[in-house]
Amino acid sequence: MFFYNSNLRYNRFSDHLRHLYGVKVYKVTLDAGFTCPNRDGTISYEGCVFCDNGGSFSQLYPNNISIKQQLDIGINLSKQKYKAQKFLAYFQAYSNTYKPVNELKSIYNQALAHDDVIGMSIGTRPDCIDEQKLDLIASYTENHYVWLEYGLQSVHDKSLKFINRGHTFKTFKNALELTQKHNINVCAHIILGLPNETRNDMLETAKVLADLGVNGVKIHLLCVLNNTRLAKLYFQGKIPIMEEDEYVETVCDFLELLPSEVTIHRLAGNGLKPNMLAPGWLSKKFVVLNKIDKLLELRNSYQGAKLKN
Ligand code: SF4
């Protein structure tokens, strides 16, 4: 079993990047002015039940600044704070393939023109992709490092319906197959702790993603943010929130079912702190990550340990 960081029992994406480039590589988050069909009325106006007005965007820049200005700010900060030397432009806010191809090309080109940027990661929905858009994105892979990040959240349609995702698992599967034909790296975002999902349901998501051959997984815990429909349900007592130890155990179980070549882009997301209602324990994210490391060690286990072959 090979792990890029010998101190860890799973393959962290940041270690994978260091292995590839020999230096610290950092993702700079961008808001390129996209919207989302689950927000603009094409599918619904309400959006996913957990989504706040930022469209899952976790970094705030002054309003209306260009992609280059956002990159300049983000890159300078990460050089100082993390000693990063190379950067990926991370199109994070809303659905970053939800425009005509010619506009996408202009937006992506602006990011890749930046001297310090070696590639990009594009966050989007699986129903916002088609052959032409994938042709465009694939055209960048010759000279840049490129990922597509699909919000999936769960392989169970009952859960997708509950969170008002506006697409089914089949939509994701079709998008993934098309993307794989274009040889583009795919990271799937999933959420643990969705109401009405058992631990087995969550682990089924891991098994299916492993079978489908995704290249990366980003794991989030269901978090309640202010100004969301989830917050209303939470205040009505309808949303149970996972306890820390239960989350740590589930993450370890989940990792044991993913092949070691799948890079782990995140093990616990968190909202901007002032905006987060629950769970409080996630504000100490480093504690959660330490507990995951310790439990894997205690089990003498690792990413992929429970794969049959
Ligand atoms: S797809 Fe993303 S941006 Fe759109 S409503 Fe859901 S979480 Fe928000």
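The values are calculated or read from the model by the stated rules, or taken from the named source; none is laboratory data. Being a predicted model, the structure only gives us computed values, none of them experimental. Note that each Cβ is placed from the backbone with ideal geometry, even for glycine, and that neighbours are counted across all protein chains shown. Side chains included, ligands, DNA and RNA excluded: accessible areas come from the protein's heavy atoms. Shrake-Rupley method; radii C 1.70, N 1.55, O 1.52, S 1.80 Å.
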**Report entry** Most to least packed among 159-165, 235-241 [average Cβ atoms within 10 Å]
**Finding:** 159-165, 235-241
Requested in this report: Please report how far the C-alpha centroid of the range 31-47 lies from that of the range 144-163, rounded to the nearest whole angstrom.
Outcome: 16
Query - Rounded Å value of the spacing that divides the Cα centres of the range 256-309 and the range 168-222 - result: 16
Requested in this report: Order THR141, THR198, most accessible first, counting only protein heavy atoms with a 1.4 angstrom probe.
Outcome: THR198, THR141
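Given Cβ point charges of +1 (Lys, Arg) and -1 (Asp, Glu) and nothing else, what value in debye, to the nearest 20, does the dipole of the chain about its Cα centre take?
In total the dipole reaches around 500 debye.
When a/c reaches 1.5 or more, the comparison of a/b and b/c decides; with that in mind, is the chain rounded, prolate or oblate per its Cα gyration tensor?
Since a/c stays below 1.5, the shape of the chain is classed as rounded.
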Report task. Quick one: among GLY22, GLY74, GLY151, which has the greatest mean-square fluctuation in a GNM of the chain with alpha-carbon springs under 10 angstrom? Result -> GLY22
Requested in this report: Would you look at the GNM of the chain, springs on alpha carbons closer than 10 Å, and say which of LEU233, LEU192, LEU257 moves the most?
Outcome: LEU233
**Report entry** Solvent-accessible area, 1.4 Å probe, carbon plus sulfur percent, for the range 13-298
**Finding:** 48
**Report entry** Virtual spin-label span in nm between ASP245 and LYS68, 7 Å along Cα→Cβ
**Finding:** 5.5
Query - Under-5 Å amide H pairs with LEU221, H placed in peptide plane, nonlocal only - result: LEU192, GLY269
Query raised in the report: Could you state the number of Å between the C-alpha centres of the range 110-129 and the range 64-86?
Result: 15
Query raised in the report: What does the accessible area per residue of the chain come to in Å², with a 1.4 Å probe and no ligands, DNA or RNA counted?
Result: 47
Query raised in the report: Whole-Hz Karplus ³J(HN,Hα) for the range 219-235, in order, using 6.51 cos²θ - 1.76 cosθ + 1.60 and θ = phi - 60°, x for Gly and Pro?
Result: 9, 10, 9, 5, 10, 9, 9, 4, 6, 10, 5, 4, 4, 4, 5, 4, 5
Query raised in the report: Can you list the residues of the range 210-251 with backbone N under 11 Å from a point 7 Å past the Cα of ARG199, pointing along Cα to Cβ?
Result: 246-251
Query raised in the report: Out of GLN69, GLN153, GLN80, any idea which swings most in a Gaussian network model of the chain, alpha carbons joined below 10 Å?
Result: GLN80
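Between GLU142 and PHE235, 0.36 nm times their residue separation minus their Cα-Cα distance comes to what?
So the chain would gain 28.5 nm between GLU142 and PHE235.
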Report task. State whether the range 156-238 is rounded, prolate or oblate according to the following rule on the C-alpha gyration tensor (a ≥ b ≥ c being the square roots of its eigenvalues): a/c under 1.5 gives rounded; otherwise a/b larger than b/c gives prolate, and the remaining case gives oblate. Result -> prolate
